[in-house]
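Have a look at the structure below, then the notes.
The values are calculated or read from the model by the stated rules, or taken from the named source; none is laboratory data. Fair warning: this is a prediction, and the values are worked out from it, not measured in the lab. Neighbour counts are summed over all protein chains in view; Cβ atoms, including those assigned to glycine, are modelled from backbone coordinates with ideal geometry. Protein only, heavy atoms only, side chains kept; ligands, DNA and RNA dropped before computing areas. Shrake-Rupley method; radii C 1.70, N 1.55, O 1.52, S 1.80 Å.
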Amino acid sequence: MTPDRLAWRPGSFAVSVHTDTDGSILLTPTTALAGYPLRVTDELERWAALAPERIFVAQRDHQAAWRRVSYAQALQQVRRLANALIALNLSPDRPLAILSGNSIEHLLLSLAALYIGVPYCPISPAYSQAAPDFTKLRYVMQLLTPGLVAAFNSARFERAILSAVAPGVPLLGDCDAIGERKLHPWQRFASDEAPLAQAAHQRVGADTIAKFLLTSGSTGHPKAVITTHRMLCSNQIMLRSALPFLADEPPVLVDWLPWNHTFGGSHNVGAVLFNGGTLYIDEGKPTAADFEATVRNLSEISPSVYFNVPKGFELLAQRMERDARLRESFYRRLRACFFAGAGLTQYTWDALDRQALAARGQRLPILSGLGATETAPSVTFTTPDTDRAGVIGLPAPGCVVKIAPVGDKRELRVRSPGVTPGYWRAPEQTRAAFDSQGFYRLGDAVRLIDPGDPTRGLVFDGRIAEDFKLSSGTWVSVGPLRAGLLQALAPLAVDVVIAGLNRDYLAVLIVPDAPACSQELGAAGELSPPELARDARLLAKIAARLTMHARAHTGGATRVRRAMIVPEAPSLDRGEITEKGSINQRLMLARWEDLLERLYGGEPAAHVMTID
C-alpha cells in the first residue's frame, strides 16, 4: 500500500480461482455476501425510526436556499403519496413514468411507488427536452404503457407530453393542465395516511420489480432493464464492502448524477438511504454552462464521499488549482472519490492526488469498478492501493465472475443477486444476454493484471463489439487505444472515435472539449465545434500530441496516421451519446461517413491532420 494514501481498507476481496475446460477463468469471492434487506423502503422505515430528524434530502429552491426533508418527514410523505398511487391501479403493466430530472418530488414519488410494489421508470429528460421529434420517448411510452406519467416543472414538458403520451393516461405535475390535458396537481395529490399503503408494503418481496431503467445498447433503441428490490438491496451491501466507512458515519453526498442512470439513481441514492446519510441534490453538471452551480454547492457543503464521471473530476481538479476555498471545502471530511461511466485519465488522477496533498497532506483513495445497468450496477471494485487508471479490481462478495474467451479477447460475465432477470417485454434480447451457464454477458473485455496470478485483479480492455480488424488482419483493441489517446490529448478531447475497419491504417475523429480548447487558444469566448474543426493553431497542437503518441506506439494496431475534429457535438437523440456521456463508436462512424472518406483519401483533405 502506498504510504501516503489514507489508511483504510475495504473488506476482503480475496478470490478463489478455477479454470474451466473451455479456458474460462472463474473468480469466486472467498467472503460471502452479508445479509440484505427484503425491500428498499425497509431502510426508509429503519432510519425514520432511528434518526427521524436527520436530513435525508435537500435541494435549493428558487431563492437558492436549501429546502430540507428529514427521514421522518420523508416516510410520512411517501406513505401519503403511496395511498394516492394505489387509487390509480398501477402495476408492472401500467407503471409510473417520470419525465423530469432529479428533485425532492421525484425522489419521494419514486419511493412511494417502491413502497407499494409499483415499478417506476425514470426517463432521461433529454428524451423530452433535447430530442427534436420525441422518437425515443414515443417508443418508450409504447414499450412501458404507463398508468401515470409525472413531470415537475411541468410546463417544460408540454410539447413532449402532448406529442408522446397517449390520451387518457393520467398526468401528475405542478400545474392543473397542459394544453387541454388535465393534470393531478402535486400539492393536492397525496391522500391522508391510511392502512392501505402499509398493507401493500408488506406484500412487496425481494423479487418485486422496483423500476425499469432504460439502456440504449449498441443500436440506440432503448431497452427497459428490469430492476428488482433484491438487485438494489444486495448491491448496497456490496458497495459497503468497498466503502466500509459508509456504515461508520452517515455519508454526505453532493450529487448531480441523473437518476435515470443506474450510477446516480441506484448506486448513489441507495448509498444515502441504506446508510442513513444526507443527499444534497446538485443542480450543476460537468459542462461549461452548469459547472458553477457545482462549485457553489461544493464550496458550501463538504461531502464525505464524492461520486462523479471522469469529466466532472477533470473540471473539479482544474478549478481547485486556482480556488483554495473550494479545495478546502471539498477535502474537509472527504474519505474517498469514486468514478464510473468511463475511464479516468491518468492526467486527471494525478491532478486529484496533487489537490489532496495540498489540502490534507496525503493522497485519498480514488476508487472505481465495473458494472452495468443490468447488474444494478456493481460487479467489481478497486481498493485504496490502486494508483493507476484502467484497473477495475476484483469481484465484490456475492459476484461470481467468469472471464470467458471470445476470439482474441476475454469477456467479463457475472452471476449474482444483483443481475437482472431480463429486459421488459423483450424475451429474445433477454435470452441473448446470458450464456448457457446463466452468466450475464457484460460485453466488456478484461485482462488480468498478472496472467500468472488472477488474484491481483483485472484491467478494463474495451468493449467486445467495438474491436475490429485492419485490412492486414491485425486486431485493433478499441478500449485501451481510446484510453491512451485521451490521455495524450487531455484536456482537449471529450472523446475519440477510432476508424480503420478493413482499412490500411488507423484514423480518429476527435470530439473536442470546447471550453478547454478555447482556453488553450486564448479565445475571448467559447469557440463552436465548427470553428474548432477549422482552427489551424488547434489542429497543430493536437497533431503534435498525436505525433508524440505515435512515436511511443509504432504498431499498426496502435499508431494513428490521420485525424479530424468532428464539427458537431454527438447527439443523444441519434444514439451517438448515451445519458452517461459515453460515445457509441459504431453510430458515430455511421454519422460521419463523409469525414471518413476525407480521412482515407489519397491526398489529405482540408483540416485533416497527418501524423508523422
Is it fair to say Ala516 is free of Cβ contacts under 8 Å to residues at least 40 places away in the same chain, part of a helix (DSSP H, G or I), in contact with a strand residue (DSSP E or B) (Cβ under 9 Å, 6 or more places away or on another chain) and surrounded by fewer than 22 Cβ atoms within 10 Å (Cβ to Cβ)? yes
For region 91-121, give me each residue that is touching a His at 6+ places or on another chain (Cβ under 7 Å), hydrophobic (A, V, I, L, M, F, W, C) and in contact (Cβ under 8 Å) with a residue 60 or more places away in the chain. Ile116
Of all residues in region 252-263, which are touching a Phe, Trp or Tyr at 6+ places or on another chain (Cβ under 8 Å) and not hydrophobic (A, V, I, L, M, F, W, C)? Asp255
Inspect all residues belonging to region 527-536 and state whether any of them is in contact with a Lys or Arg (Cβ under 7 Å, 6 or more places away or on another chain), open to solvent by less than 50 Å² (accessible area, probe 1.4 Å) and assigned to a helix (DSSP H, G or I). no
Which of the residues spanning region 20-44 are in a loop (DSSP other than H, G, I, E, B) and closer than 30 Å to Lys211 by Cα? Thr31, Ala32, Leu33, Ala34, Gly35, Tyr36, Pro37, Leu38, Arg39, Val40, Thr41
Matching residues in region 85-94 - criterion: being at pLDDT 95 or above and touching a Ser or Thr at 6+ places or on another chain (Cβ under 8 Å): Asp93, Arg94
If the requirement is being open to solvent by 20 Å² or more (accessible area, probe 1.4 Å), basic (Lys, Arg) and within 22 Å of the chain's Cα centre (by Cα), which of these qualifies: Arg463, Arg431? Arg463
Breaking point among (1) open to solvent by 40 Å² or more (accessible area, probe 1.4 Å); (2) farther than 24 Å from Leu137 by Cβ; (3) of a type outside the set (S, T, N, Q), for Arg94: (2)
Would you say Ala404 is in a strand (DSSP E or B) and aliphatic (A, V, I, L, M)? yes
Quick test for you: out of Gln318, Gln346, pick the one residue that is under 25 Å from Val478 (Cβ atoms) and open to solvent by 20 Å² or more (accessible area, probe 1.4 Å). Gln346
Set Ala324, Ala340: member being among the small types (Gly, Ala, Ser) and in contact with a strand residue (DSSP E or B) (Cβ under 8 Å, 6 or more places away or on another chain): Ala340
Given (1) open to solvent by less than 10 Å² (accessible area, probe 1.4 Å); (2) in a strand (DSSP E or B); (3) in contact with a Gly (Cβ under 8 Å, 6 or more places away or on another chain), number of the condition Val254 does not satisfy: (3)
Would you mind stating whether Leu539 is at pLDDT 95 or above and buried (at least 20 other Cβ atoms within 10 Å of the Cβ)? no
Exactly one condition in (1) part of a loop (DSSP other than H, G, I, E, B); (2) under 23 Å from Arg425 (Cα atoms); (3) free of Cβ contacts under 8 Å to residues at least 60 places away in the same chain is not met by Leu88; state its number. (3)
